[in-house]
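Asks: Please read through the structure below; I'll follow up with questions.
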Amino acid sequence: MSTLKPETGDLQKSLETEVEAALNPGEAEGFYRDTRECLGLLLVAGAALLSPPTPRPKK
Amino acid sequence: MRNLSGAVCDLASEVVSVLRDGGHRAVVSPNGQGPDAELGVAAVRVLGADVLLPSTLHRHPPAPSDLQLVREAVRTFPPGGDASVSTEWSHWAMRDALRRHDPAAAAPRPVAAEPVGAEPVGGEPVGGEPVGGEPDTAWLSRLTWQELTHQLAVLGALAVPPAVTGPSPVVAAAAPRTLDLARGFVRAVRRRDWLQAAGAGRWLAVLDSDATPVPATLGLETGLEFVLRMGGADPRVALHAHAAQLLRAGAAG
């Protein structure tokens, strides 16, 4: 027998629902890196780093 | 009033702390009366038998206040008629932990095949709640390796060595699928699902044996360290990962 007070019945019902949900969670969404996006960023960053310096007029 | 997930995380954090300290003090701080006390009991029900994990792994008697709260959680949140198998097994594990730790409970372990919630089948009441039989484990063998990993991670509190707790039907049912679980561990890490990865890692730490070896190529120790580093901010992840590391280190062997 529960020792919880009768006036907390609503809270108890709500907690029961929450407990049941917490005990049966669905599988979390996977968090993947988008390979194409990463590759694009890598290429842009690489191109920026490897490009020759901007030509400047000779004095 | 706090929410349930916050209370569960707070409780998991306490368990991790006691687990790392050697299990010599109470896990749960008394909340007195009122909504916080009820929330505390609900959090104990969600965390399940893991509330007593420090005592189980370090082989110390649990604090009477911890036992009392676990008893209260078992009584207050029994599995209903339409409860899922995870809820039933979680409840079973709590009752089993109480039976091991509570000197007042002299009843034998439930071994009959009656479902939880049916009439008691030979066990005596533990702390006032009826003792039913074991829920079914046949469903485990029907799951794909992805589903198996998810379900076992949800039931992470049942991942304790039989040498410490006695035979466990879920451990026995999971043991032949160590390779599937190893694949699931890798999948969870790649998906960055740290809670599932930590739960799967804990199961692998329990199941690794000569008969059902975890592939050496998995690098479980390194994997657990990585999971702890990446997801350890979540106390539930830290709990499973620390438990797995303790098991790998032979603390509960």
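Asks: Are any of the residues in segment B:210-217 free of Cβ contacts under 8 Å to residues at least 40 places away in the same chain and in a helix (DSSP H, G or I)?
Replies: Yes: segment B:210-217 contains one or more residues that are free of Cβ contacts under 8 Å to residues at least 40 places away in the same chain and in a helix (DSSP H, G or I).
Asks: Confirm whether B:ALA173 is in contact with a helix residue (DSSP H, G or I) (Cβ under 6 Å, 6 or more places away or on another chain), buried (at least 20 other Cβ atoms within 10 Å of the Cβ) and assigned to a helix (DSSP H, G or I).
Replies: The answer is no for B:ALA173.
For every residue, the table says whether it meets (1) surrounded by fewer than 19 Cβ atoms within 10 Å (Cβ to Cβ); (2) closer than 26 Å to B:VAL51 by Cβ; (3) not assigned by TED's automatic domain parsing to the domain that holds B:SER90.
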site: B:SER141; (1), (2), (3): yes, no, yes
site: B:LEU152; (1), (2), (3): no, yes, yes
site: B:GLY156; (1), (2), (3): no, yes, yes
site: B:ALA163; (1), (2), (3): yes, yes, yes
site: B:LEU179; (1), (2), (3): yes, no, yes
site: B:VAL186; (1), (2), (3): yes, no, yes
site: B:ALA198; (1), (2), (3): no, yes, yes
site: B:ASP210; (1), (2), (3): yes, no, yes
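Asks: Please go through (1) in contact (Cβ under 8 Å) with a residue 12 or more places away in the chain; (2) away from chain A (no Cβ under 13 Å); (3) within 23 Å of B:ALA49 (Cα to Cα) for B:PRO167 and return the number of the only condition it doesn't satisfy.
Replies: The failed condition is (1).
Asks: Scan segment A:1-52 for residues that are at the interface with chain B (Cβ under 8 Å from one of its Cβ atoms), modelled with pLDDT of 85 or more and part of a helix (DSSP H, G or I) and report the count.
Replies: Of the residues in segment A:1-52, 7 are at the interface with chain B (Cβ under 8 Å from one of its Cβ atoms), modelled with pLDDT of 85 or more and part of a helix (DSSP H, G or I).
Asks: Name the residues in segment B:44-66 that are facing chain A (nearest Cβ under 9 Å) and either over 16 Å from the mean Cα position of the chain (by Cα) or not β-branched (Val, Ile, Thr) (or both), would you?
Replies: Hits for segment B:44-66 are B:ARG45, B:GLY48.
Asks: Here's a follow-up. Give the residues of segment B:60-100 that are assigned to a loop (DSSP other than H, G, I, E, B) and either within 26 Å of B:LEU152 (Cβ to Cβ) or at pLDDT 95 or above (or both), sorted by residue number.
Replies: B:PRO62, B:PHE77, B:PRO78, B:PRO79, B:GLY80, B:GLY81, B:ASP82, B:ALA83, B:SER84
Asks: Does segment B:185-221 hold any residues that are among the small types (Gly, Ala, Ser) and away from chain A (no Cβ under 14 Å), and which are they?
Replies: Within segment B:185-221, B:GLY201, B:ALA205, B:SER209, B:ALA211, B:ALA216, B:GLY219 meet the criteria.
Asks: Identify, from the list B:VAL164, B:VAL186, the residue that is out of contact with any Leu (no Cβ under 6 Å at 6 or more places or on another chain), assigned to a helix (DSSP H, G or I) and modelled with pLDDT under 95.
Replies: Checking each option against the conditions leaves just B:VAL164.
Asks: Would you be able to say whether some residue in segment B:1-19 is crowded, with 20+ Cβ neighbours inside 10 Å, small (Gly, Ala, Ser) and at pLDDT 90 or above?
Replies: Checked segment B:1-19: at least one residue is crowded, with 20+ Cβ neighbours inside 10 Å, small (Gly, Ala, Ser) and at pLDDT 90 or above.
Asks: If you don't mind, there's one more thing I want to ask. Would you mind stating whether B:PRO235 is surrounded by 15 or more Cβ atoms within 10 Å (Cβ to Cβ), free of Cβ contacts under 8 Å to residues at least 40 places away in the same chain, outside the structural domain of B:ALA49 (by TED's automatic domain parsing) and under 20 Å from B:LEU52 (Cβ atoms)?
Replies: no
Asks: Residue by residue through segment B:67-76, note down the ones that are more than 16 Å from the chain's Cα centre (by Cα) and within 10 Å of chain A (Cβ to nearest Cβ).
Replies: Once the filter is applied, which keeps residues that are more than 16 Å from the chain's Cα centre (by Cα) and within 10 Å of chain A (Cβ to nearest Cβ), segment B:67-76 yields B:GLU72, B:ARG75, B:THR76.
The values are calculated or read from the model by the stated rules, or taken from the named source; none is laboratory data. Everything numeric in this text was worked out from a predicted model, so none of it was measured. Cβ atoms come from the backbone with ideal geometry, glycine included; neighbour counts cover every protein chain shown.
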